[in-house]
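Working notes, beginning with the structure itself.
The values are calculated or read from the model by the stated rules, or taken from the named source; none is laboratory data. Everything numeric here is computed off the predicted structure, so don't read it as measured data. Don't worry about glycine lacking a Cβ; one is built from the backbone with ideal geometry, like all the others, and counts go over all protein chains shown.
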Amino acid sequence: MQPKDVVRTWVDAFNRADVEGLAALYAEDAVNHQAPETPVTGRAAIAAMFEAEFARAEMVCIVENVFQDGDWAILEWRDPLGLRGCGFFHIRDDRIDVQRGYWDKLSFLRLHGLKIPDDPEPFR
């Protein structure tokens with residue numbers, strides 16, 4: 001599979017909230033780093049992350065663009081609530097071994113009506 005095909009398969013599984021389907025796309029030692037969060041390492045930990053996030057909020061990924069450059073695929077996305085972001089996926093042997101996502105966590109929390117953590121050191 002080409003990297004962009006892996007990402008399109010990932011989007012399909014994500015939109016079904018299919019944790020097992022998503023986990024199967026990752027290498028055993030993969031790293032998923034959603035920039036607003038701490039990196040998650042390993043297929044099992046990544047599956048647990050998706051399980052928790054799907055329980056927390058209904059998430060939908062609408063593809064704007066998918067680009068490919070060598071072993072990398074880049075996903076530009078939006079959701080029905082207006083959040084936008086992008087993801088970078090490094091593909092090795094038809095599996096995701098590195099994923100980095102960039103999106104606005106504060107907007108996500110507000111759009112889903114989730115608690116916004118107290119900021120221990122607000123801007124001065």
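Residues of region 1-40 that are modelled with pLDDT under 95 and of a type in the set (S, T, N, Q): 34, 38.
Among the residues of this structure, residue 31 does not count as one that is in a helix (DSSP H, G or I), β-branched (Val, Ile, Thr), in contact (Cβ under 8 Å) with a residue 40 or more places away in the chain and within 18 Å of residue 71 (Cα to Cα).
Once region 67-86 is narrowed to residues that are assigned to a loop (DSSP other than H, G, I, E, B), modelled with pLDDT under 95 and not aliphatic (A, V, I, L, M), the residue that is surrounded by the fewest Cβ atoms within 10 Å (Cβ to Cβ) is 82. Pairs are defined by a Cβ separation below 7 Å, a sequence spacing of at least 6 or placement on different chains, a first member in region 39-61 that is of a type in the set (Phe, Trp, Tyr), and a second member that is modelled with pLDDT of 95 or more; the pairs so defined are 50/19; 50/22; 54/17; 54/19.
Is it the case that some residue within region 34-41 is part of a strand (DSSP E or B) and within 18 Å of residue 83 (Cβ to Cβ)? Within region 34-41 (the criterion being part of a strand (DSSP E or B) and within 18 Å of residue 83 (Cβ to Cβ)), the answer is yes, since at least one residue qualifies. On the stretch given as region 19-41, residues that are surrounded by fewer than 16 Cβ atoms within 10 Å (Cβ to Cβ) and out of contact with any helix residue (DSSP H, G or I) (no Cβ under 6 Å at 6 or more places or on another chain) total 8.
Looking across region 42-66, the residues that are in contact with a strand residue (DSSP E or B) (Cβ under 7 Å, 6 or more places away or on another chain), buried (at least 16 other Cβ atoms within 10 Å of the Cβ) and closer than 18 Å to residue 9 by Cα come down to 43, 46, 61, 66.
State which residue is nearest to residue 30 (Cα to Cα) when the search covers only region 87-107 and only residues that are modelled with pLDDT under 95 and assigned to a strand (DSSP E or B).
Our first condition is that a residue be modelled with pLDDT under 95; within region 87-107, this holds for 101-107.
Those left that are additionally assigned to a strand (DSSP E or B): 101-103.
Numbers: 101: 14, 102: 17, 103: 20 Å.
Of everything passing the filter in region 87-107, 101 is nearest to residue 30 (Cα to Cα).
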